[in-house]
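Colleague: Sharing a structure with you now.
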Amino acid sequence: MKCRACGQKAVVNMRQHKLALCKEHYLEWIPEQTGRFIEKYKMFSHEEKVLVAVSGGKDSLSLWDILQRLGYQADGLYICLGIDEGLNYSAESQRLTGKFAAAHSLKLHIVDVQKEYGSTIPEFSLKSHRGRLKPCSVCGLVKRHVMNRVARDFGYDVLATGHNLDDEAAVLFGNTLSWAGEYMLRQGPVLHGNSGLARKVKPLCRIYEREMLAYALLRGIEYIYDECPFSVGSTSIYYKQLLNKLESDRPGAKQTFYLSFLEARRSGLFVERETIQAELHPCTNCGQPTSAPGLCSFCRMMSR
Ligand code: AMP
Ligand code: FES
Ligand code: ZN
Ligand code: ZN
């Protein structure tokens, strides 16, 4: 297999794009693609301040690397969740994120959930009516709150996460199985900001997970290999496996599933209800938008 750009030996073959590339051209192609998607979906400009949520995994570290290579102003945010029993998962993720930031002289905000909010994610879960809220639910709630807060407090225009095509296709698949219309209306490369909230973007949403893996490895980015211990056996991993089976029989199916959804929505398959945004109220404690008047779900959990 030869590189399409230079004819040298290819190291990555992407059946879904009918494209094979050598290391050098692959490491140029991924940022080019990402840059194209940032512009196509009007995610942000070179003048805007971007906050990248960095978990220490391959996707978000690579995203930070790519944004830097493309010349965007991108600072990082690492949220220490306190998931450490046995594995040192959070401590190791933080070490690798800090190492990357230092090596590239990038600014990194670190929020330690236990120090700032009194408990780690596993502790919050245990305290919530003896585990009624699973760690992943607490974690999602806390991460969303902290990301919004840091973006607002430090005046970032936009918050970028490392979700890739496999993540997005798995979420869409789950939402489609139950036709969760409200979620489907909000899922996409860009979620517009409102009432003090930064715009949220996913610059890697059209890049396959294995393409990101190849990028991280070929760039020599040190990332945490382990998955979060609480994600073992999760529905999203199961959906990813199903979609991978489909993809291996029909290369490109995953991308078609996601892109056709975006296109169908854009051309009016779903009628956007204008009331959705109007229905949001500021939380009486933290000011972030919430669907019912009073406390948001994060502050309700904290008050319990
Ligand atoms: P996940 O929800 O773990 O699949 O992560 C999706 C995205 O959320 C990652 O690509 C990061 O951009 C962001 N993220 C996840 N965990 C953290 C964390 N501990 N600190 C900062 N950002 C995170
Ligand atoms: Fe949040 Fe696993 S990363 S519970
Ligand atoms: Zn080449
Ligand atoms: Zn609140």
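Readers should treat all values here as calculations from the given coordinates under stated rules, not as data from a laboratory. Since this is a predicted model, take the numbers as computed values, not measurements. In this analysis, Cβ positions are derived from the backbone assuming ideal geometry, glycine residues included, and neighbour counts consider all displayed protein chains.
Colleague: Starting from the Kirkwood Rh over alpha-carbon pairs, what translational D in µm² s⁻¹ does the chain have by Stokes-Einstein at 37 °C and 0.692 mPa s? Don't skip to the answer; put the middle values down first.
Modeller: Values: Rh = 20.6 Å.
D, rounded to a whole number, is 160 µm²/s.
Colleague: Only Lys, Arg, Asp and Glu count, each charged at its Cβ (+1, +1, -1, -1), so figure out the dipole size of the range 85-159 about its Cα centre, rounded to 20 debye.
Modeller: Details: 12 positive and 7 negative charges, 45 e Å.
Using Cβ point charges on Lys, Arg, Asp and Glu, the range 85-159 gives about 220 debye.
Colleague: Calculate one ³J(HN,Hα) per residue across the range 54-69 by plugging θ = phi - 60° into the Karplus curve 6.51 cos²θ - 1.76 cosθ + 1.60, and present them in order as whole Hz with x for glycine and proline.
Modeller: Karplus values, whole Hz, x for Gly and Pro: 10, 9, x, x, 5, 6, 6, 5, 5, 4, 4, 4, 5, 4, 5, 5.
Colleague: Work out from phi, with θ = phi - 60° and the Karplus expression 6.51 cos²θ - 1.76 cosθ + 1.60, the ³J(HN,Hα) of each residue of the range 136-144, listed in order in whole Hz, and give x for Gly and Pro.
Modeller: Values per residue, Gly and Pro as x: 5, 6, 4, 4, x, 4, 5, 4, 4 Hz.
Colleague: Any idea what log10 I(q)/I(0) is at q = 0.29, 0.35 Å⁻¹ for the range 165-207, Debye with uniform C-alpha scatterers and no solvent?
Modeller: Values, matching the q order: -1.01, -1.14.
Colleague: How large is the direction-averaged shadow of the alpha-carbon convex hull of the range 6-164, in nm²? It would help to have the intermediate numbers written out before the result.
Modeller: Working: hull surface 48.0 nm².
Computing the convex hull of the Cα atoms and averaging its projections yields 12.0 nm².
Colleague: Tell me the label-point distance for the pair residue 91, residue 19, using the 7 Å Cα-to-Cβ offset, in nm and rounded to one decimal.
Modeller: Taking the simple label geometry, residue 91 and residue 19 are separated by 4.2 nm.
Colleague: If I fit a long axis through the Cα atoms of helix 165-177 and take the longest principal axis of the Cα atoms of the chain, what angle between them do I get, 0 to 90°, rounded to 10?
Modeller: With rounding to tens, the tilt is 60 degrees.
Colleague: Can you pull the Kirkwood radius for the range 1-90, inverse mean 1/r over Cα pairs, to one decimal in Å? Don't skip to the answer; put the middle values down first.
Modeller: Details: mean 1/r = 0.0652 Å⁻¹.
Radius from the Kirkwood sum: 15.3 Å.
Colleague: Once the Cα atoms of helix 23-40 and of the chain are each reduced to a long axis, what angle between those two axes, in degrees from 0 to 90 to the nearest 10, is obtained?
Modeller: 50 degrees
Colleague: Still on this structure: So for the chain: antiparallel DSSP bridges make up what percent, rounded to the nearest 5? All intermediate terms of the calculation are to be shown ahead of the outcome.
Modeller: Details: 8 of 24 bridges.
About 35 percent, rounded to the nearest 5.
Colleague: Can you pull the one-decimal nm distance between simple spin-label points at residue 39 and residue 270, each 7 Å off the Cα toward Cβ?
Modeller: 2.8 nm
Colleague: What is the sum of charges around residue 227, taking Lys and Arg as +1, Asp and Glu as -1, for the other residues whose C-beta is under 14 Å from the C-beta of residue 227?
Modeller: Details: positive: 58, 240; negative: 59, 92, 166, 167, 209, 226.
Spelling it out: positives minus negatives among the neighbours equals -4.
Colleague: For the chain, with only Lys/Arg (+1) and Asp/Glu (-1) charged at the beta-carbon, what is the dipole magnitude about the Cα centre, in debye rounded to 20?
Modeller: Values: 40 positive and 32 negative charges, 85 e Å.
So the magnitude is around 400 debye.
Colleague: Then there's this: About the Cα centre, and with charges only on the beta carbon of Lys, Arg (+1) and Asp, Glu (-1), how big is the dipole of the range 132-277? Nearest 20 debye, please. Provide the component values of the computation, followed by the final result.
Modeller: Details: 20 positive and 16 negative charges, 65 e Å.
Its charge dipole is roughly 320 debye.
Colleague: Add -39500 (n - 2.57) for each DSSP H run of 4 or more in the chain, then divide by its residues: what number comes out at 222 nm, to the nearest 500 deg cm²/dmol? Let's see the in-between values first.
Modeller: Details: 13 runs with 146 residues, N = 304.
Helix contribution divided over all residues of the chain: -14500 deg cm²/dmol.
Colleague: A follow-up question, please. Any idea what angle helix 235-249 forms with the longest principal axis of the chain, computed on alpha-carbon atoms, 0 to 90 degrees, nearest 10?
Modeller: 20 degrees
Colleague: Classify the range 218-304 as rounded, prolate or oblate, taking a ≥ b ≥ c as the square roots of the eigenvalues of its Cα gyration tensor: rounded when a/c is under 1.5, otherwise prolate if a/b is larger than b/c and oblate if not.
Modeller: Details: a/c = 2.61, a/b = 1.36, b/c = 1.92.
Oblate.
Colleague: Taking square-rooted eigenvalues a ≥ b ≥ c of the alpha carbon gyration tensor, is the range 118-213 rounded, prolate or oblate, where a/c under 1.5 means rounded and, failing that, a/b exceeding b/c means prolate? Please report the intermediate quantities before stating the final value.
Modeller: Working: a/c = 1.66, a/b = 1.18, b/c = 1.40.
The shape class here is oblate.
Colleague: At a 10 angstrom cut-off on C-beta neighbours, averaged per residue, how do the peptides 177-190, 13-26 rank from highest to lowest? Mind dumping the intermediate values first?
Modeller: On the way: 177-190: 14.4, 13-26: 16.8.
Answer by packing, highest mean first, reads 13-26, 177-190.
Colleague: With viscosity set to 1.306 mPa s at 10 °C, what whole-number translational diffusion coefficient in µm²/s follows for the range 65-151 from Stokes-Einstein and a Kirkwood radius over Cα pairs?
Modeller: Numbers: Rh = 14.1 Å.
Rounded, D is 112 µm²/s.
Colleague: While we're looking at this one, here's another question. Quick one, what does Rg over Rh come out to for the range 14-65 if you take C-alpha atoms and the Kirkwood Rh? Spell out each step's value before the answer.
Modeller: Working: Rg = 13.1 Å, Rh = 12.9 Å.
Reported Rg/Rh, Kirkwood definition of Rh: 1.02.
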